[in-house]
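Chemist: Please find one structure pasted underneath; my questions will follow.
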Amino acid sequence: MDVAFIPSPSRGVVHLGPIPLRGYAFCIIIGVFLAVWIGGRRWVARGGSPGRVADIAVWAVPFGLVGGRLYHVITDYELYFKDGRDWVGAFKIWEGGLGIWGAIALGALGAWIGCRRNGIPLPAFADAIAPGIAVAQAVGRWGNWFNQELYGRSTDVPWALKITSNTDGRVPGTYHPTFLYECLWCLGVALLAVWADRRFKLGHGRVFALYVATYCVGRAWIEYMRVDTAHHVLGLRLNDWTALVVFLLAVAYFVVSARRRPGREERVELFETPADGDTPGAAEKSTDTEGDADKTAGSDAARAPEADGPDDAPPPGTRADREAGAAAPHQATTESATAE
C-alpha cells in the first residue's frame, strides 16, 4: 500500500470555451517571464539599461522554441515519421517535446542577432541571463508533470510520482519523479551561478559557461534514471553523450576565457543611451547644431580678411597727410593737362 506519493494531475488541459489552456504551455510561458525578469535585474546591476534584456528576448525566445522543437523531432523522429504516425504531430509543440540542447543553441543565435542590433556583447548578455535560464528550466520541467511524461524507474520512495495514464506505452504505477529532480538541480545551478558571479566577479561569458557545465552534470545522472524510449550509443542514452560533449566544451571555454580575458567587462553596452529627460536623438541634434555654428563662425572668419584687407585700409599718417595724398592725383592730372 502506498503511504505517500506525488499525484499526477487528472488532466493536463483545461478548456475555456473553445480555447484550450494547457499546463505544459503555462509552465513554458512562466519560465520565459522569470528568465527575462531575472536577467533584466542582473543586467541593470551590471550597468546596463532597463529593457535591454526584453528587447533581445524578442529574438532569442522564438529561436529557442524552434531550436528546442527541432532537436526533439530530429532525435525522436520515429514518433512522427514512422509507419502509422502522423507527421503533423511534429508541429504540436503544446503536446510536449522541447530539447534544451537545441533551445540553447538556436536561442543563442537569436540572442546574438538581438545583441548586434542593440550594441551589446553577447558574452556579457549571456552572463546576465544564465541564472534566469536555469530558473526557467526548473519551472518548465513541471510541464512534464502535467503531461505525465519523462519519469524515472519504478520506486516506492515517499516522494514517488504516481502515473495514472496508460496511453502511449505508459504503465500505471509509482516512479522516480525525474522532473522534480531536475527542477531542484536547476534551482541549485542558478544559486551557484549567482554566488560565483558575486564572489569571483566572473565576466566574458564565464557565468554562462558555469551554468552549462553544472547543468550537464545533473542532466547526466537524471537522464540515466529515465525509462522513456530513447536512442542509445555504446550503451548510453543519446542525451548522456550530448551532456558529456557540451560539458567538456563549457569547461574548455571557461578555462581559456579566464586566461585570455580575466576579470569582468567594464562596459556592457556599446551604444550610448540618452540621459534622463532627453529625447532620443537629442544628443545628435545638439552636436549638429554646434557643428553648424562652427561652420558659420568659420565662414565669417574666412570673409574677415577681405573686409579688412590693405585695399580698403585707410592710408597711414596724420589727417593732413591723408588729405594731401588724396589731392595729389588731382594736381598731377591738372599739371599734365597744362603741359599738353
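The values are calculated or read from the model by the stated rules, or taken from the named source; none is laboratory data. Just so we're clear, the structure is a prediction, and the values are computed from it rather than from any experiment. With ideal geometry, Cβ positions are generated from the backbone for all residues, glycine too; neighbour counts draw on all protein chains shown. Surface accessibility is based on the protein's heavy atoms, side chains included, excluding ligands, DNA and RNA. Shrake-Rupley method; radii C 1.70, N 1.55, O 1.52, S 1.80 Å.
Chemist: Looking at Leu109, Leu187, which is the one that is under 21 Å from the mean Cα position of the chain (by Cα), more than 17 Å from Leu34 (Cα to Cα) and at pLDDT 95 or above?
Modeler: Unique residue meeting the criteria: Leu109.
Chemist: Next question, about the same structure. So which residues in the range 205-222 are over 18 Å from Val139 (Cα atoms) and either free of Cβ contacts under 8 Å to residues at least 60 places away in the same chain or open to solvent by 20 Å² or more (accessible area, probe 1.4 Å) (or both), if there are any at all?
Modeler: If the condition is that a residue be over 18 Å from Val139 (Cα atoms) and either free of Cβ contacts under 8 Å to residues at least 60 places away in the same chain or open to solvent by 20 Å² or more (accessible area, probe 1.4 Å) (or both), then Phe208, Ala209, Leu210, Ala213, Val217, Ala220, Trp221 are the ones that fit.
Chemist: Could you tell me whether the range 163-170 includes any residue that is more than 16 Å from Gly64 (Cβ to Cβ), part of a helix (DSSP H, G or I), touching a residue at least 40 places away in the same chain (Cβ under 8 Å) and not β-branched (Val, Ile, Thr)?
Modeler: No; the residues of the range 163-170 include none that is more than 16 Å from Gly64 (Cβ to Cβ), part of a helix (DSSP H, G or I), touching a residue at least 40 places away in the same chain (Cβ under 8 Å) and not β-branched (Val, Ile, Thr).
Chemist: Separate question: Does Thr178 satisfy being modelled with pLDDT of 95 or more, under 17 Å from Trp142 (Cβ atoms) and of a type outside the set (A, V, I, L, M, F, W, C)?
Modeler: yes
Chemist: Kindly evaluate Ala230 against the criterion of being farther than 26 Å from Ala160 by Cα and either in contact with a strand residue (DSSP E or B) (Cβ under 8 Å, 6 or more places away or on another chain) or not polar (S, T, N, Q) (or both).
Modeler: So Ala230 does not fit the description; no.
Chemist: Report yes if Pro123 is at pLDDT 90 or above, of a type outside the set (D, E, K, R) and within 24 Å of Ser10 (Cβ to Cβ), otherwise no.
Modeler: So Pro123 fails the test.
Chemist: Follow-up. Those residues that are open to solvent by 80 Å² or more (accessible area, probe 1.4 Å) and β-branched (Val, Ile, Thr), I need them from the range 68-121; list them, please.
Modeler: Ile74
Chemist: Check Ala252, Ala243, Ala258, Ala304 and return the single one that is at pLDDT 95 or above, loosely packed, with under 14 Cβ neighbours inside 10 Å and not acidic (Asp, Glu).
Modeler: Ala252
Chemist: Across the range 149-195, which residue is surrounded by the most Cβ atoms within 10 Å (Cβ to Cβ) among those that are in contact with a Pro (Cβ under 8 Å, 6 or more places away or on another chain) and under 22 Å from Glu95 (Cα atoms)?
Modeler: Tyr151
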